[in-house]
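S.K.: Just dropping this structure here.
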Amino acid sequence: MTQTAADIVALLSPEQLAALVSGADDWHTQAYPEVGLPAVELSDGPHGLRTETGVDMVWIPSTAFPTASALGATWDVDLVRRVGVALGEEATAMGIQLLLGPGVNLKRTPLCGRNFEYFSEDPVLSGDLAAAYIDGVQSQGVGACLKHFAANNQETERMEISVEADERTLRELYLEVFRRVLAGSDPWAVMCSYNRLGGTHASQHRWLLTDVLREDWGYDGLVVSDWDAVHDPVAALQAGLDLEMPGTAGRSAATILAALESGELELDVLRRAATRVVDFVLRALPGRVAATSPIRDAGITPGGGLSGQQRAALHQDEHHRLAREAAAAAITVLRNRGAVLPLAADGAQRIAVIGGYARVPRLQGGGSASLDPLIVDEPLAAITQFAGDRVSYAQGYPMARTNYYQEFEIDGSTDAAALQDEAVAVAAAADLVVAFVGLPLRWEEEAADRSTLSLPDEQVELLRALGATGKPLVVVLAAGSAITMDGWHDASDAIVLSWLGGQGVGSAVARVLFGDADPSGRLGESFPLQLTDTPGYDTFPGADGVVRYDEGPFIGYRWYDAQRLTVRYPFGHGLSYTTFAYSDAAVMAADDDLVRIEATVTNTGSRPGSEVVQLYVEPPAGAQPRPVRELRGFRKLHLQPGERAEVSFTVGLRDFAFADADAQCWRQPAGRYRIVLASSAHAPQAGLRVDRAEATMPFAADAERRR
């Protein structure tokens, strides 16, 4: 007879239960082999495994996939699911049972240093992609951990900062993205965030972990802390936390036992959390038994690398091809004046490649999401494969030494002015310039926020100088989140955003530059003209331990629309090498709850390409301030020249409603709504109108649907 979690918990003493709800060490749960309970292992990170050998803290190399902001730019649910499958395969090969990702926190401000780990500024886009990621990972018998719950939107004072936001704002944005993920997938675990919410740490916030997550949404999986996020293990258990990580060498267990003895903590509360931990371990057992881990069994030494057998176990070649495909799908062409792109692979054009990132590309951000990549495609080498000896190169600006996941000091002998002069001379001798620039690794990392949206000064000066040569200028930009472009934008003929594209970004960029791949990326976040335009500018990063979300449910494009601010590039924007036309848009069916919309999209150009059809809902004017428009669905289409495809969307009450905190429901005001099919938040292609009657849906309705 198979033991259940309740059976195993009944065999454990209070002392064992108190230890079980805290980790055994940094990465493992407690094991009690005498009752058939082994340990399972958890691992960073969301874009590739950052797994240690346990000896000399050596990171095991793994596939570096594009970061979440890059995957967000793909707007491709199927592709993100395939990346999740690959991550699950590598976790199985390494003997990992829970992958700590994806992160779905929304981009309240582009200054957040961890934005590269998050998909977008919108809960629909982020939620749907994260659900696909989770399904992919968990299809391999490995768990995914949804994080960071909730309102973790900055790194400054991240352990103590208190977010002050009204319930409507939380329900419509910062909680909604998690709710949407849970509606579309079943992650094995949810990780609480570091920050406080209304003065209470997320790890011991009963309204957050129990009232919303468990009761309103019906989630019954494991709730785990972020590492060292627990300040009071007794209060955390009472709030609904199940597992504290990492282990505390018995300190938390002693505190819990003392609370049991004093009556401060009820034994049933401890048993409930322990049962969820055991249930999680039992869920992971089939994958654990199968994973003998050829990666670790052979051992890894510093600088030793992996054997052929180990690389095969990680599906190195197959996953590198997928990393290249994902990187290419993420690449977003923001500007293409005069159709300077694509370049001719068989032409006579002399190409000056400028910038150190052409040789040492930016792959990822820093912190718990960083990893040691298996292979790295160098952009300069990939461009040379297309253009041969027509390519010349100059570094252009000083660079820190890097091993792709850590930067060291910049060589003090490097002269920025001399590097710029050399680059300008190389550019002057060419017919076209491709400049690789971007944010340094140390500017995009966990535990630190950015102080500026600009590129480093020496890169801005280089771009100005290159623009002054009069040669066509293509800028390839590596960044995990939005930047400003003052001083160089208008002199650039093309701007190609490669994001932090993972280990395949070099070949992906070359393919897009030469038209071997259509640029199919679309922005998952708005690019502002200046920092002072951004939401939260007046309140970020807070003062006296508090940050106030005074902008309410208006971030990203919602903010810029409401404030009537011009942006550099809008949410959803991205250019293709072909053109698309929308036709036959119509409301095909409507009732009191659901509306179905259909349209036809045609590739009207001469090249294959991808279009992302975005559906926005615009509410009627009313007493309640609401965003001008909100994304409510999207579809990515891959079309050959002349090919047509039908798209359909179904939207319902939730898509027309706002969060009425006083009544604890989603409220759809009566009136005429406009449904817009668009190629970006600011590029409508077709508009339809539907009339809706007053209607409501309780916040807790999601729990009923989940059951």
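The values are calculated or read from the model by the stated rules, or taken from the named source; none is laboratory data. Source: prediction; values computed, not measured. Because the Cβ atoms are built from the backbone with ideal geometry, glycine has one as well, and the counts that use them run over all protein chains shown. When the accessible area is computed, the model is the full protein with side chains, heavy atoms only, and any ligands, DNA or RNA have been set aside. Shrake-Rupley method; radii C 1.70, N 1.55, O 1.52, S 1.80 Å.
S.K.: Using the alpha-carbon atoms, what tilt in degrees (0 to 90, nearest 10) does helix 77-94 show relative to the longest principal axis of the chain?
M.R.: It works out to around 60 degrees.
S.K.: Please work out the Cα center distance from the stretch 112-159 to the stretch 178-251, rounded to the nearest Å.
M.R.: Value for the Cα centre distance between the two parts: 15 Å.
S.K.: What's the FRET efficiency of Asp78 with Glu261 using the Cβ-Cβ distance as r and R₀ = 60 Å, to the nearest 0.05?
M.R.: Values: r = 54 Å, r/R0 = 0.90.
Computed FRET efficiency for Asp78 and Glu261: 0.65.
S.K.: Give me the percent of the accessible area of the chain that comes from carbon and sulfur atoms, probe 1.4 Å, all protein chains in place.
M.R.: About 48 percent, which is the carbon plus sulfur part of the accessible surface.
S.K.: Net charge near Ala599, counting Lys/Arg +1 and Asp/Glu -1 over other residues with Cβ under 9 Å of its Cβ? Working shown, then result.
M.R.: Values: positive: none; negative: Asp584, Glu598, Glu646.
Summing Lys/Arg as +1 and Asp/Glu as -1 gives -3.
S.K.: Also, quick follow-up: For the stretch 503-659, what D do you get in µm² per second when you plug the Kirkwood radius from alpha-carbon pairs into Stokes-Einstein at 10 °C and 1.306 mPa s?
M.R.: Taking Rh from Cα pairs, D becomes 86 µm²/s.
S.K.: Expressed as a rounded percentage, what relative contact order does the chain have, with Cα pairs under 8 Å and six or more residues apart?
M.R.: Relative contact order comes out at 16 percent.
S.K.: In deg cm²/dmol, rounded to 500, what helix-only [θ] at 222 nm does the chain give when every DSSP H run of at least 4 residues adds -39500 (n - 2.57) and the total is split over its residues?
M.R.: -8000 deg cm²/dmol
S.K.: If the only charges are +1 at each Lys and Arg Cβ and -1 at each Asp and Glu Cβ, what is the size of the charge dipole of the stretch 302-358 around the Cα centre, to the nearest 20 debye? Show your work: numbers first, answer last.
M.R.: Numbers: 6 positive and 4 negative charges, 53 e Å.
For this selection, approximately 260 debye.
S.K.: If you don't mind, another one. Let me understand the stretch 366-426 better: what is its radius of gyration from the alpha carbons, and its Dmax, in angstrom?
M.R.: Spelled out, the Cα radius of gyration and Dmax of the stretch 366-426 are 14.9, 41 Å.
S.K.: Expressed in nm², what is the orientationally averaged projection area of the convex hull enclosing the Cα positions of the stretch 591-707?
M.R.: The directionally averaged projection comes out at 8.5 nm².
S.K.: In addition: Cα axis of helix 416-428 to longest principal axis of the chain: angle in degrees, 0 to 90, nearest 10?
M.R.: 50 degrees
S.K.: A further question follows. Once each part is reduced to its C-alpha centroid, what is the distance from the stretch 445-522 to the stretch 1-77 in angstrom?
M.R.: So the two Cα centres are separated by 37 Å.
S.K.: Cα centroids of the stretch 311-333 and the stretch 389-409: how far apart, whole angstrom?
M.R.: Using only Cα atoms to place each centre, the spacing works out to 23 Å.
S.K.: Moving to a separate point now. In Å², what does the accessible area per residue of the stretch 549-707 work out to with a 1.4 Å probe?
M.R.: Per residue, the stretch 549-707 has 44 Å² of solvent-accessible surface.
S.K.: Let me ask something else about it. May I ask you to order 577-587, 69-79, 596-606, 410-420 by the average number of other C-beta atoms within 10 Å around their residues, highest value first?
M.R.: Descending packing order for the listed peptides: 69-79, 596-606, 577-587, 410-420.
S.K.: Could you point to the residue in Gly113, Pro123, Leu237 farthest towards the positive end of the stretch 104-255's charge dipole, with +1 and -1 charges on the Cβ of Lys/Arg and Asp/Glu respectively?
M.R.: The residue sitting most towards the positive pole is Gly113.
S.K.: I need the phi-derived Karplus couplings for the stretch 205-213: 6.51 cos²θ - 1.76 cosθ + 1.60, θ = phi - 60°, integer Hz, Gly and Pro marked x.
M.R.: Values per residue, Gly and Pro as x: 9, 5, 4, 6, 7, 10, 4, 7, 5 Hz.
S.K.: Rolling a 1.4 Å sphere over the protein heavy atoms, what is the accessible area per residue of the stretch 32-151, to the nearest Å²?
M.R.: 17 Å²
S.K.: A follow-up question, please. Any idea what the dipole of the stretch 366-462 comes to, in debye rounded to 20, about its Cα centre with Lys/Arg Cβ at +1 and Asp/Glu Cβ at -1?
M.R.: 200 debye
S.K.: Something else: Under the rule of at least 5 residues apart or a separate chain, name every residue whose amide H is placed under 5 Å from the amide H of His148.
M.R.: Counting only residues 5 or more places away or on other chains, the set is Val104, Asn105.
S.K.: Any lysines with Cα under 28 Å of the Lys107 Cα? List them, leaving off those in the same chain fewer than 8 positions away.
M.R.: Lys147, Lys636
S.K.: For the stretch 380-439, what does the accessible surface come to per residue with a 1.4 Å probe? Please give it in Å². All intermediate terms of the calculation are to be shown ahead of the outcome.
M.R.: Details: 2740 Å² over 60 residues.
It amounts to 46 Å² per residue over the stretch 380-439.
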